[in-house]
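Structure first, then comments.
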Amino acid sequence: MQIQYKWDKRHSKILHEYLSILKDRQIEYFILRNYEGLPEKNESKDVDIIINPNKYRSAAELFIKVLKENNVPNYYVVQFERAHCWIGLDLSSDFYIHVDLIAGYLNKGFEIFDFHELYKNTIEYHGYTVLSPSYDIVMLLLYKVIGCRELKKKYRDKISERFLQNRLHILKILEKVFDKNMADIICAHLDQSDFEWIIQNARCLSKHSKVNAFKKRPIYTTRNVISFFKEKVYRIAVCPRKIRKMIAVEAPDGTGKTTFIDLLAVKLAECFVTDISKVHIYHFRPTLIPNLGELGERAGIMEQDKEFTKPHRGKKTNTVSSLIRIIYYTVDYILGGFVNIRKDVQFDKFTVFDRYAYDFLVDPKRSKINLPFQIRRFFCRIVPQPQITFVLNADPTVVFSRKQELTLNEIKRQMIEFNKLKDIAKGYVKLDANKTPEEITDQALSVIIDYYTNKTNDYIA
């Protein structure tokens, strides 16, 4: 399904009011690239605004104020170094706006350009402050090519066009970032529109620019690099619950769970104005370690059972075999939580599980586990807990008519057991799967937005 990033009159009004109030309050800022057409049109999914680092707090408070005055009830913010990604959300009118407020430009702690140097090289565009064409191209090169090691065709065309118009000025700027020799080499390749060479040598160029930045301000740079790594350790190693976005979806086969999750992923990307890759879907467990069947097949002990259309195909297992199996799966949940889920946290992704460890309680036969309920519940409690657990509830006869992998009586039994999860699973939410996928997705989005975002009305400056 195609993701639709909207930009309409309401977006235009909010952006215009915000930039106007920054100007009135004499808060120095400039828009970074993709400003052509603003505020009426936006070719990108967001707007990048570089703010004077000393004025970031005031700029952030003003953005919330503008959202509130335009009846945007929720906001979400996540920080990556000095980049603060702000999302305004109004689910009732399907309105979402993404503005990045960047408190000066740093790359992993290295300040390639001081804010004031950049600000001195700005121009006016439709009454807004933007970078001059030469600096705009250099920043585009540094961020998209040298930093991200990629460059879309539209950016290649833009760089080629403006480089020809401003070659001497761009050369002088590059000499500040690198040195004269390296700047000459880069310009020689830009003369030929040879972006592949720049991309291939991006790592070397990035290192070169950082070494120069360190030489200019060693103490300042050291402090910023330490701060960058402290933030990275906090997000990855500590992985506090408050910045993890972990959701589980449970339901018997045939309730439309897969359709719901696929639609939810698209809607989450639209609501939080991000890429679909920021929604990471897992099936049952993190799978940091392989299935037991796959492991046995590799060892030549057994042949892996791949008949997944029959969830209860396995024979009844004994206690020892069941205990080994549930311990093995639990290890995967715990280690996967330390590794896979922390990677999701690092990049601010939603972690969505299509079925979770709660299956040990509701449908242990599927996982070939034959253990008392209390033991199964113990293992469920020691794995990482989702903040929200959606349980799809539907008429068993309708579910059976869609998919006959389970008997009607088994579907009825599972529905009863899934409803009991409200006493075990944190953030338990029952969704009526008799409704359309769009309706239950909107209900789920309301829960997610309420849990993970803040209210503009609750903000106190």
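Can you confirm whether ILE424 is among the β-branched types (Val, Ile, Thr), closer than 24 Å to GLY254 by Cα and surrounded by fewer than 16 Cβ atoms within 10 Å (Cβ to Cβ)?
Against the criterion (among the β-branched types (Val, Ile, Thr), closer than 24 Å to GLY254 by Cα and surrounded by fewer than 16 Cβ atoms within 10 Å (Cβ to Cβ)), ILE424 qualifies.
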Being of a type in the set (Val, Ile, Thr), surrounded by fewer than 17 Cβ atoms within 10 Å (Cβ to Cβ) and within 33 Å of the chain's Cα centre (by Cα) narrows it down to one residue among ILE341, ILE334, ILE375, ILE326; which is it? ILE334
Of the residues in the range 28-39, how many are crowded, with 17+ Cβ neighbours inside 10 Å and assigned to a loop (DSSP other than H, G, I, E, B)? 7
By residue number, the members of the range 87-102 that are without any contact (Cβ under 8 Å) to a residue 60 or more places away in the chain, surrounded by fewer than 21 Cβ atoms within 10 Å (Cβ to Cβ) and part of a strand (DSSP E or B) are ASP90, ASP100
Does the range 360-368 contain at least one residue that is within 28 Å of the chain's Cα centre (by Cα) and more than 30 Å from PHE80 (Cα to Cα)? no
So LEU15, is it surrounded by 14 or more Cβ atoms within 10 Å (Cβ to Cβ) and within 14 Å of TYR96 (Cα to Cα): yes
Which of the helices (runs of 4 or more DSSP H) found entirely inside the range 356-410 contain at least 2 residues meeting this: at pLDDT 90 or above and either touching a Pro at 6+ places or on another chain (Cβ under 6 Å) or closer than 30 Å to LYS242 by Cβ (or both)? 359-362, 373-382
What is the residue count in the range 328-355 for residues that are farther than 14 Å from HIS283 by Cβ, touching a helix residue (DSSP H, G or I) at 6+ places or on another chain (Cβ under 8 Å) and either of a type in the set (A, V, I, L, M, F, W, C) or part of a helix (DSSP H, G or I) (or both)? 9
Among the residues of the range 376-398, what is the count of those that are in contact with a helix residue (DSSP H, G or I) (Cβ under 8 Å, 6 or more places away or on another chain), more than 27 Å from ASN434 (Cα to Cα) and free of Cβ contacts under 8 Å to residues at least 60 places away in the same chain? 6
Residue that is farthest from ASN370 (Cα to Cα), among those in the range 283-323 that are at pLDDT 65 or above and either crowded, with 17+ Cβ neighbours inside 10 Å or of a type in the set (Phe, Trp, Tyr) (or both): PRO286
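May I ask you to verify whether ASN42 is part of a loop (DSSP other than H, G, I, E, B) and either without any contact (Cβ under 8 Å) to a residue 40 or more places away in the chain or of a type outside the set (Phe, Trp, Tyr) (or both)?
yes
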Given (1) part of a helix (DSSP H, G or I); (2) modelled with pLDDT of 95 or more; (3) surrounded by fewer than 19 Cβ atoms within 10 Å (Cβ to Cβ), VAL66 misses just (3)
Could you tell me whether any residue of the range 46-56 is buried (at least 17 other Cβ atoms within 10 Å of the Cβ), more than 26 Å from the chain's Cα centre (by Cα) and not in a loop (DSSP other than H, G, I, E, B)? yes
When both residues are 6+ apart or on different chains and their Cβ atoms are under 6 Å apart, which pairs have a first residue that lies in the range 1-28 and is farther than 30 Å from ILE261 by Cβ, and a second that is of a type in the set (Gly, Ala, Ser)? ILE27/ALA59
First in the range 250-264 and surrounded by fewer than 24 Cβ atoms within 10 Å (Cβ to Cβ), second anywhere and of a type in the set (Phe, Trp, Tyr), Cβ under 7 Å, 6 or more apart: GLY254/PHE400
Give me the helices (runs of 4 or more DSSP H) completely within the range 166-254, filtered to those with at least 3 residues that are modelled with pLDDT of 90 or more, ordered by residue number. 167-177, 180-191, 202-216, 218-233
Can you tell me which of LYS210, LYS158, LYS245 is basic (Lys, Arg) and either closer than 30 Å to MET415 by Cβ or free of Cβ contacts under 8 Å to residues at least 12 places away in the same chain (or both)? LYS245
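The values are calculated or read from the model by the stated rules, or taken from the named source; none is laboratory data. This structure is a prediction, so every number in the text was calculated from the model and none was measured. Here the Cβ is made from the backbone with ideal geometry for all residues, glycine too, and neighbour counts use every protein chain on show.
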